[in-house]
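In what follows, a structure is listed as structure tokens, so that the remarks can point back to it.
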Amino acid sequence: MTRLSSRTIRRISTAVTVPALAAGALVALTAAPAHAVIKCGPTKEQTSPVVGHALLKACIETDGYLRRAYIQMDYARTYGGRDWDKFIVHTRLERNDADKAKASCNWTSDMNRYTVLKKYCFTPWTNSNAMGGWTGDGSYTFNFNLDGQGDKNGSLGGSPKVN
């Protein structure tokens, strides 16, 4: 086995340490401070005809001048099978009740496939230095399998306002 001299060990140590410290300093100087804020509105429950519960809420997330809205859903049911002909959520990023970004997500297939599920539907990030009045809001369209009643709509309470 070859023994390294203490001088060789110092050279290797310096060659590895100096670039690592420099890279760390560069990241520290260029990284923006993280101050993300998330606020959500009240949870709304949508039940399915046979022992299924979807808990939905509209949220807003801000990070500096970036903002986006999303709907979060926690879903659980006691058995597998097809409960839904349709389950689509519509989320909106609003400022003073004016739409700034929108998104829709079709969760029908996943809700029929899984017995426990957590899903998110995000709007695109919006960059704006306008302060105050930003909220997340949303609604959903659903249709129970084999009930013969067609599509129904539900609305979510909006998130609290953020800057």
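Just checking, does segment 94-110 include any residue being closer than 14 Å to Phe142 by Cβ and in contact (Cβ under 8 Å) with a residue 40 or more places away in the chain?
If we filter segment 94-110 for residues that are closer than 14 Å to Phe142 by Cβ, which is where we start, we get 104-110.
Pick out the ones that are also in contact (Cβ under 8 Å) with a residue 40 or more places away in the chain and you get none.
No: segment 94-110 contains no residue that is closer than 14 Å to Phe142 by Cβ and in contact (Cβ under 8 Å) with a residue 40 or more places away in the chain.
Of all the residues that make up segment 129-154, how many are under 16 Å from Cys40 (Cβ atoms) and either among the β-branched types (Val, Ile, Thr) or open to solvent by 80 Å² or more (accessible area, probe 1.4 Å) (or both)? Reasoning before the result, please.
First, the residues of segment 129-154 that are under 16 Å from Cys40 (Cβ atoms): 134-140.
Applying the additional criterion that residues be either among the β-branched types (Val, Ile, Thr) or open to solvent by 80 Å² or more (accessible area, probe 1.4 Å) (or both) yields 135.
Qualifying residue count for the region: 1.
When you go through Ile71, Ile88 one by one, which is the residue that is among the hydrophobic types (A, V, I, L, M, F, W, C), touching a Gly at 6+ places or on another chain (Cβ under 6 Å) and closer than 18 Å to Lys57 by Cα?
Numbers: Ile88 fails: touching a Gly at 6+ places or on another chain (Cβ under 6 Å).
Going through Ile71, Ile88 in turn, the sole match is Ile71.
Consider Tyr114 against the criteria (1) under 19 Å from Cys59 (Cβ atoms); (2) open to solvent by 40 Å² or more (accessible area, probe 1.4 Å); (3) touching a strand residue (DSSP E or B) at 6+ places or on another chain (Cβ under 8 Å): it satisfies all of them except one. Which criterion is unmet?
(1)
Filter segment 117-154 for residues that are touching a residue at least 60 places away in the same chain (Cβ under 8 Å), of a type in the set (S, T, N, Q) and not in a loop (DSSP other than H, G, I, E, B); which is nearest to Lys57 (Cα to Cα)?
Checked segment 117-154; the qualifying residue nearest to Lys57 (Cα to Cα) is Thr135.
Kindly provide the set of residues from segment 84-111 that are surrounded by fewer than 20 Cβ atoms within 10 Å (Cβ to Cβ) and part of a loop (DSSP other than H, G, I, E, B), ordered by number.
Asn96, Asp97
Scanning segment 117-126 for residues that are touching a Lys or Arg at 6+ places or on another chain (Cβ under 8 Å) and of a type outside the set (Val, Ile, Thr), which turns out most open to solvent (accessible area, probe 1.4 Å)? Spell out the reasoning first.
Initially, segment 117-126 is screened for residues touching a Lys or Arg at 6+ places or on another chain (Cβ under 8 Å), giving 122-126.
Applying the additional criterion that residues be of a type outside the set (Val, Ile, Thr) yields 122, 124-125.
Working: Phe122: 81, Pro124: 78, Trp125: 106 Å².
Within segment 117-126, the match that is most open to solvent (accessible area, probe 1.4 Å) is Trp125.
The values are calculated or read from the model by the stated rules, or taken from the named source; none is laboratory data. Computed from a prediction, not measured in an experiment: that's the story for all the values here. Note that each Cβ is placed from the backbone with ideal geometry, even for glycine, and that neighbours are counted across all protein chains shown. Keep in mind that these areas ignore ligands, DNA and RNA; they rest on the heavy atoms of the full protein, side chains included. Shrake-Rupley method; radii C 1.70, N 1.55, O 1.52, S 1.80 Å.
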